[in-house]
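The values are calculated or read from the model by the stated rules, or taken from the named source; none is laboratory data. All of these numbers come straight from a predicted model, not from anything done at the bench. Don't worry about glycine lacking a Cβ; one is built from the backbone with ideal geometry, like all the others, and counts go over all protein chains shown. SASA here: full protein model, heavy atoms, side chains in, ligands and nucleic acids out. Shrake-Rupley method; radii C 1.70, N 1.55, O 1.52, S 1.80 Å.
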Amino acid sequence: MKAAVKEIVEGALRRLGIEEGVQVDYPKDPRFGDYTTNVAMVLAGKLKRNPRELAQEVVRAIEHPMVESKEVAGGGFINLRMKKEWWLSAFSHLLRDPQSFGTLDVGTGKRVQIEFVSANPTGPLHIGHGRGAAVGDSLARILEKAGYQVEKEYYVNDAGRQVKVLGESIWARCQELMGREVEFPEGGYRGGYVVDLAKQAMAEFPDLLDSPKEKAIEELTRWGAEEILKGIKGDLEAFGVSFDSWYRERYLYDTHLVNKALEVLREKGLLYEREGALWFASTRFGDDKDRVVKRANGDPTYLASDIAYHALKAKRGFDMLIDVWGADHHGYVPRVRAALQAMGYNANLLQVLLIQMVSLVRGGQKVSMSTREGTFVPLSELLNEVGKDAVRFILLTRKCDAHLDFDVDLAKSQSEENPVFYVQYAHARISSIFRTAQERGISIPSWEEVDLTPLELDEEMAIVKKVLQFPDLIEAIARSLEPHRMTYYLHELSAAFHRYYNHHRVLLENRPMREARMALVKGVQVVVKEGLRLLGVNAPFRM
RNA sequence: GCCCCCGUAGCUCAGGAGGAUAGAGCAACGGAUUCCUAAUCCGUAGGUCAGAGGUUCGAGUCCUCUCGGGGGCGCCA
């Protein structure tokens, strides 16, 4: 919608001999019209002109049969109002082809890879991972809607120090189960799930503890990580999140890709030895300090495999790479960008979304969480308690770089405070209208043929316009990578509907009016359902 | 000490590429149901946008500094 208006204004400028891109916005106050643009004020400085006079000129040059009114306001805003038929015809178009409404081509021909969750297979997912999953998955759906070809990937850290600590932790628990006293590993995982894994391991591999300690731990590491990964996959499935690929860090080592990547850096003279370790000169690409890629003991660091991994991603030919990380990894961003650049790729290829912490609030008290200490609430537990829809929706009600307090009691409450139900209820209510129509023997009109002109109330036109903003929203989210905007939009749209529902009746005797209103709420339903789908939330037919 | 994020109504937070009179939900108070679902709606009240400078036609939004909260600064991930 915006794009069409933008074109109208740019056309007017061209008539004035000005070639310039224009920004068109929805004004916050409907009294200012349907669309507003600040071109005159922006250009005034550049052209040394009086903004209001310039605005007047532009207004005079705007010629379009669908523009109802055009005026200059304030310091030089140009406010436009479109004719009713312009809106209604767009709305009819939506009803004619609801599936493709909001589907854009801004990303057509572009491939995006989004890597998210990527939690180490050392313990079950918790709510923080859930936030990353909700953000990543919804963003993927929205980018796809905007026309991008999207690939979702989970990077499995199954080769580093952390999984080894998991193996050691399991081994220690096995020893304890045998009644042997051992020291629990430093920084080991103390969660109860490790004891469960130990019991399972002893049942499955009764001979295991007879083999040498190092060998046993190696076995347990490999096996334990796989077991936990199975659990993670199950949790994600229950959360409605799927991946196109699971990329293994171990694979990077098995195929020597890590060494090959380091070799490339060495050839470029970007590696050096100091104090027995191997360093990557990342400062040459804007990092604060150089980073170790191979420790003095010969073990590669996490960064080493990440250099190989990101170089490989870039090589796979994506037009954009998105990494969704916990905010505690923010210091890692310059390193990885440096690595990309050092390997010969454009660092801007990579967009990193940092997800801030989630605090669980129960009974007004914050619950502290730590994977190591085992004091976290698993995502699966929360899903059982609260339900997938509420969890996903609430995790997307904040922009991702802001802390989020997840109030369990509120999410569970089957009542008015719960923001999820408000939107779902709008969908259910509309379904109910159609159910009632059927019961009363009122025929459902064929949507593409309904005459919408009986819609005359301000509230009705407000709903029409709000619904038609949906494609612009998709574009804005795809550009800004801020999926939380969807929850706000859906809440606003639902509010407009609930208000209307409480003041006006749809199923009237007057057939033309009735059918126009049925078409109106049908349009709302289409968009609410699609918006919820993009968030991974169900749209129930009754509640 | 250095880096990142945050600071907006009593609480939790929006503020869509600098725009016009700063919004929503909850909590508080007062109302609406012979009706297509009251998980809804209507109304009242609530603000030094942490503070101070700066950039400009215009700043909650951009820059600098101060204060406060969180996170990160490892041959951990």
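Identify the residue in segment A:321-347 that is more than 14 Å from RNA strand B (Cβ to nearest atom) and within 21 Å of the chain's Cα centre (by Cα) and, among all such residues, is surrounded by the fewest Cβ atoms within 10 Å (Cβ to Cβ).
The qualifying residue surrounded by the fewest Cβ atoms within 10 Å (Cβ to Cβ) is A:ILE322.
Is there a residue in segment A:521-540 that is within 7 Å of RNA strand B (Cβ to nearest atom) and open to solvent by 30 Å² or more (accessible area, probe 1.4 Å)?
no
Out of the residues in segment A:1-54 that are basic (Lys, Arg) and more than 19 Å from A:VAL464 (Cα to Cα), which is most open to solvent (accessible area, probe 1.4 Å)?
Of everything passing the filter in segment A:1-54, A:LYS48 is most open to solvent (accessible area, probe 1.4 Å).
Tell me which residues, restricted to segment A:250-267, are of a type in the set (Lys, Arg) and open to solvent by less than 100 Å² (accessible area, probe 1.4 Å).
Selection gives A:ARG250 alone.
Please go through segment A:445-456 and give me each residue that is of a type in the set (A, V, I, L, M, F, W, C) and either more than 11 Å from A:ARG514 (Cβ to Cβ) or at pLDDT below 95 (or both), ordered by number.
A:TRP447, A:LEU452, A:LEU455
From the residues in segment A:491-520 that are open to solvent by less than 10 Å² (accessible area, probe 1.4 Å) and among the hydroxyl-bearing types (Ser, Thr, Tyr), which one is nearest to A:LEU535 (Cα to Cα)?
Filtering segment A:491-520 for residues that are open to solvent by less than 10 Å² (accessible area, probe 1.4 Å) and among the hydroxyl-bearing types (Ser, Thr, Tyr), the one nearest to A:LEU535 (Cα to Cα) comes out as A:SER494.
Regarding A:SER480, is this residue more than 24 Å from A:ASN538 (Cα to Cα), near RNA strand B (Cβ under 9 Å from one of its atoms) and open to solvent by less than 40 Å² (accessible area, probe 1.4 Å)?
Spelling it out, A:SER480 is indeed more than 24 Å from A:ASN538 (Cα to Cα), near RNA strand B (Cβ under 9 Å from one of its atoms) and open to solvent by less than 40 Å² (accessible area, probe 1.4 Å).
Can you name the residue in segment A:286-320 that is open to solvent by less than 30 Å² (accessible area, probe 1.4 Å) and in a loop (DSSP other than H, G, I, E, B) and is also farthest from RNA strand B (Cβ to nearest atom) among such residues?
So, considering only residues that are open to solvent by less than 30 Å² (accessible area, probe 1.4 Å) and in a loop (DSSP other than H, G, I, E, B), the one farthest from RNA strand B (Cβ to nearest atom) is A:PHE318.
Having 3 or more residues that are over 22 Å from A:MET82 (Cα atoms) is the bar; report the helices (runs of 4 or more DSSP H) wholly within segment A:414-512 that clear it.
Of the helices (runs of 4 or more DSSP H) lying wholly inside segment A:414-512, those with at least 3 residues that are over 22 Å from A:MET82 (Cα atoms) span A:419-439, A:470-480, A:484-503.
Restricting to segment A:103-114, give me the number of residues that are open to solvent by less than 10 Å² (accessible area, probe 1.4 Å) and not polar (S, T, N, Q).
Count: 3.
Sort out which residues of segment A:85-122 are under 30 Å from A:VAL163 (Cα atoms) and without any contact (Cβ under 8 Å) to a residue 12 or more places away in the chain, and write them in order of number.
Across segment A:85-122, there are no qualifying residues.
Would you confirm, using the coordinates I've provided, whether A:GLU85 is at pLDDT 95 or above and open to solvent by 40 Å² or more (accessible area, probe 1.4 Å)?
Yes: the conditions hold for A:GLU85.
Could you tell me which residue of segment A:271-285 is farthest from RNA strand B (Cβ to nearest atom), considering only residues that are among the charged types (D, E, K, R) and surrounded by fewer than 12 Cβ atoms within 10 Å (Cβ to Cβ)?
Residue satisfying both the conditions and the ranking: A:GLU273.
Pick from A:LEU104, A:LEU125: which is aliphatic (A, V, I, L, M), within 15 Å of RNA strand B (Cβ to nearest atom) and modelled with pLDDT of 95 or more?
A:LEU104
Among the residues of segment A:422-439, write down those that are near RNA strand B (Cβ under 8 Å from one of its atoms) and open to solvent by 50 Å² or more (accessible area, probe 1.4 Å).
Scanning segment A:422-439 gives A:TYR422, A:TYR425, A:ARG435.
Restricting attention to segment A:324-340, does a residue exist that is on the phi > 0 side of the Ramachandran plot and out of contact with any Gly (no Cβ under 6 Å at 6 or more places or on another chain)?
no
Sort out which residues of segment A:124-145 are surrounded by 24 or more Cβ atoms within 10 Å (Cβ to Cβ) and assigned to a loop (DSSP other than H, G, I, E, B), and write them in order of number.
Across segment A:124-145, the qualifying residue is only A:LEU125.
Which of the residues belonging to segment A:373-413 are within 11 Å of RNA strand B (Cβ to nearest atom), assigned to a loop (DSSP other than H, G, I, E, B) and open to solvent by 60 Å² or more (accessible area, probe 1.4 Å)?
A:ARG398, A:LYS399, A:ASP401, A:HIS403
Filter segment A:20-36 for residues that are more than 8 Å from RNA strand B (Cβ to nearest atom) and touching a residue at least 24 places away in the same chain (Cβ under 8 Å) and give the result.
Within segment A:20-36, A:PRO30, A:ASP34, A:TYR35 qualify.
If we scan segment A:237-249, do we find a residue that is in a helix (DSSP H, G or I) and within 16 Å of RNA strand B (Cβ to nearest atom)?
So far as segment A:237-249 goes, yes, one or more of its residues are in a helix (DSSP H, G or I) and within 16 Å of RNA strand B (Cβ to nearest atom).
Taking A:TYR501, is it in contact with a His (Cβ under 9 Å, 6 or more places away or on another chain), on the phi < 0 side of the Ramachandran plot and near RNA strand B (Cβ under 9 Å from one of its atoms)?
No.
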